[in-house]
Structure formats: structure tokens, C-alpha cells
Amino acid sequence: MNIAVYPGSFDPITNGHLDIIKRASRVFDKVIVGILVNPDKKGLFSIEERKELIRRVTRDIPNVKVESFTGLLVDFMKERDINVIIKGLRAVSDFEYEFQMALMNKKLNSNIETLFMMTDAKYSFLSSSSVKQVAMFGGCINGLVPDEIVDEVMYKMHK
């Protein structure tokens, strides 16, 4: 079985993330959305809330599974016998950082390959941070995050 992991914080998941998940699900037999647990960083949504939101917006994609992990991505992958990382790229600036990460992961486990997927141009400006900032100031986030979670993001920002 050809399995890939798409790692990130997904706080919250955006339409750009969802686009990469959908496209990766057509390339791989199984895609695991791996939510990184960073104990030093408090997110808008808890890890369990993020899992639930991602499961909800990917429920129609049968080969997508959502998990969370702590520690090194390569260890998470080794435990599950996964050798491919999917990373979405919005701009050249993303590539530089992600390229360094890909080389580090390769150094830690030579069996790992990183596949870069270019974002759809309509999402090239989009990030979870920008969504939170727009929501914080009461702006419209329709079209930035999946329709199913717009109300929850707005509620969390103004709670």
C-alpha cells in the first residue's frame, strides 16, 4: 500500500490544506493527516478539536485518516511504516524552509522522500495565521476555510 503523511498544525485547516489533501488522496492509496502536537505553542483549537474538524471536512475522502503526534515526524512515520511526506508550497519562500526540513528528515531516515505539491493559485496567499487574523478583526473568512467550520472558527476567535 502506498501511504503518505501530510504533517502540519492545521490550526485551523484552510481550503489550501484541504486542496492538498484532496489532491494527495488521488495519488496515494492512503493519506494520513498528521497533526503535530507542539507543547510550547497553545493553538486556537485543541488537538482533539482539530482532529474533529479535519475529519468532518474530509469525511467524503475515504482514504484519508487523521492522527496526531508528538516528537519527530520521522519517528511517527517509522512506527507506521510510511516513507513519503507531502508538503504544500505556496511560494518560493515556503520552498526554502521546506527544502531544509526535507533534507533534515532524509538525514534522520534515508528511506523518507518528500513530495512537494504546489498550491492552487487561488490559495497562494492563504495560511492559518492569516485566517485567524482576519477572523480576529471580524473579517469574512468564507472561502478561506471549509464552509463547515466557518462558524466554529469565528466563535473561537470571539469567545
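Where a number appears in this text, it was derived from the coordinates with a stated rule and is not lab data. Just so we're clear, the structure is a prediction, and the values are computed from it rather than from any experiment. Note: ideal-geometry Cβ built from the backbone for every residue, glycine included; neighbour counts use all protein chains shown.
Observations, loosely collected:
- For segment 19-28, 3J(HN,Hα) computed residue by residue from phi via the Karplus equation (6.51, -1.76, 1.60; θ = phi - 60°) reads 4, 5, 4, 4, 5, 5, 5, 8, 9, 10 Hz, glycine and proline entered as x.
- Under 5 Å, built H, 5+ apart or other chain: amide partners of Asn109: none
- 3J(HN,Hα) along segment 32-40: 9, 7, x, 8, 6, 8, 10, x, 8 Hz, from the Karplus curve 6.51 cos²θ - 1.76 cosθ + 1.60 with θ = phi - 60°, whole Hz, x for Gly and Pro.
- Mean residue ellipticity (222 nm) of the chain, computed from DSSP H runs ≥ 4 via -39,500 (n - 2.57), nearest 500: -12500 deg cm²/dmol
- Gyration tensor verdict on segment 107-159 (Cα atoms; rounded if a/c is under 1.5, prolate if a/b is larger than b/c, oblate otherwise): prolate
- Taking amide H atoms as placed 1.01 Å from N in the peptide plane, the amide H of Ile86 lies under 5 Å from those of Val5, Tyr6, Leu115, each 5 or more residues away in sequence or on another chain.
- Net length gained if the chain between Lys78 and Glu96 were fully extended (0.36 nm per residue, minus Cα distance): 4.0 nm
- Residues of type lysines that Lys42 reaches as a straight line, Cα spacing below 18 Å, ignoring anything fewer than 8 places off in the same chain: Lys51, Lys132, Lys156, Lys159
- Seen from every direction in turn and averaged, the convex hull around the alpha carbons of segment 3-133 projects onto 7.8 nm².
- Here each label is just a point 7 Å from Cα along the line to Cβ, and for Lys159 and Arg56 those points are 1.2 nm apart.
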